[in-house]
Every structure is written in structure tokens, then in C-alpha cells.
Amino acid sequence: MNEEECDDLAASYNTIIADGAQLIQDAVDRTVALKADAYIIKGEDDETFEEFKLRFKSAFDEYVPIPTIPDVDFTELPGTCQQSTKDARADLTDFIGLYSMHLTYEDWVANELKECCADLVLELTSAIDQDRTDDLDAVKADILADLYTLQGDESVTAEDFEADTQAEFDAADVEDIETGIERPTVPESCTDLTPAIVDANSAFNAWADTIQTCENQA
């Protein structure tokens, strides 16, 4: 390879590096978005997002991950090229190393978030207290039975009385009673990383809605 061809090769290295700046920024942006979702689930009390990011980065620095090697297509450097081309190739090596580090960190954060989402599935599932639902249903049944005894008409069955009472409740503007149930925010990325969270969140919200209705009626 002659000197001019080596100059062209150096220029191709520099183009890859220049174009790669956006690839690195994209990886950084994706990583920040993943950490933001992880913060929703695992952020500690009074911990700011900046503090959370530092904690995450410290955990990564203590970990020894398998590097993610970026797919960068380039022509290898012949041994006959001048120093300027060798310097450009060294710069390209540095760029590939930096890009690999950002991709490796992104993959690690994504895996951490996946674990966070899996933990949230367990939290949602274990939070459903069917005994509480059954107890409130029993209280509701007792109240309706007492109301029917006090206000019911012999011409109206207990079932019709219950249906009419329920209709009156549904039509009324009732302020929600405090149930003590906290509905966790489920990051959108969790639906991609841990599909089971969709059903778990739906089941939890259905249970929470039932408890809210029962508490309001009681």
C-alpha cells in the first residue's frame, strides 16, 4: 500500500471515529433511560437520581463483565504505512475500546433492570391479599343483610334489594376511602424485559380496585 492509499486508510479511520461519536451518545442516552426506570423500582428513600446513578456505576465498577464488542467494519492496517496512518489506527483502537465500554455498561444496566422488573413481579403478586378481599365481602354481606332487615320490603327479594342498593352506590359520588394500598409505577421498559409483569400488574390493580370499592361501600 502506497503513501496515498495509507492516507486514505487513515481518513477512513477518522471517519469511523467521527461518525461513532453519535453511536456512543446514543448508548449513553439508552443507559440513562434504563437507569431512570431502575430508579423508579429500586431507588431508596430520599435518594436522588444522581445518587442512584453513582451507586449503580459503583456497582458496575466492582463487577467484571464480559465486554460487549461493537461491530465496527474497517480495513486492517498494513505494516508498510507511515506513522500518521498508524496514529489514526491507534485512535480507532481507543474509540472501539470506549464504545465497547459504553455498550458493556448498557448491557449490564439492562440486565440489572430486568432483575428489578422480576422483583417487581414478585412484589405485585405477593401483595394481593385475598383474605382481605374475603373479609370485606363478608362485612359487605352482613351490612346488606342488616339493611334488608331494616329497610327491605317483603315484595322485594334480598337479591333484588342488594342489586338496587349496589345501583344506588354506583350512581352516587363517593369519595375514596384510604385503603393503605400503594400502586407501584411499572416502567414501560419492564413490559419488554419481563413480559410477566403485564399480567401481574393487571391482577394487582384489579385486586386494588376491588378493595377500594369494598372499602367505599363499607
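The values are calculated or read from the model by the stated rules, or taken from the named source; none is laboratory data. Since this is a predicted model, take the numbers as computed values, not measurements. FYI the Cβ positions are ideal-geometry reconstructions off the backbone, even for glycines, and counts take in every protein chain you see.
Details
- Residues that are exposed (fewer than 11 other Cβ atoms within 10 Å of the Cβ) and free of Cβ contacts under 8 Å to residues at least 40 places away in the same chain within the stretch 176-195 comprise 178, 180, 182, listed in sequence order.
- Test: residue 179 is under 21 Å from residue 146 (Cα atoms), of a type in the set (Val, Ile, Thr) and over 14 Å from the mean Cα position of the chain (by Cα): no
- As a summary of the residue check, residue 54 satisfies the conditions (1) loosely packed, with under 15 Cβ neighbours inside 10 Å; (2) under 26 Å from residue 1 (Cβ atoms) except for the one numbered (2).
- Inter-residue pairs, beta-carbon under 8 Å, first over 16 Å from residue 68 (Cβ atoms) and surrounded by fewer than 19 Cβ atoms within 10 Å (Cβ to Cβ) and in the stretch 108-119, second of a type in the set (S, T, N, Q) and modelled with pLDDT under 95, 6+ apart: 118/194
- Checking each residue in the stretch 196-218 for being closer than 15 Å to residue 132 by Cα and either free of Cβ contacts under 8 Å to residues at least 12 places away in the same chain or among the basic types (Lys, Arg) (or both) picks out 206, 209, 213.
- Long-range neighbours under 8 Å by Cβ, at least six apart or interchain, first residue more than 23 Å from residue 104 (Cβ to Cβ) within the stretch 32-49, second assigned to a helix (DSSP H, G or I): 43/49; 43/52; 44/52; 47/55
- Residues satisfying the stated conditions in the stretch 120-158, i.e. farther than 27 Å from residue 196 by Cβ and touching a residue at least 60 places away in the same chain (Cβ under 8 Å): 136, 137, 139, 140, 143
- Residue 73 meets the stated requirement of being over 29 Å from the mean Cα position of the chain (by Cα), under 23 Å from residue 27 (Cβ atoms) and either surrounded by 12 or more Cβ atoms within 10 Å (Cβ to Cβ) or not polar (S, T, N, Q) (or both).
- The set of residues from the stretch 175-192 being touching an Asp or Glu at 6+ places or on another chain (Cβ under 6 Å) and small (Gly, Ala, Ser) comprises just one member, 189.
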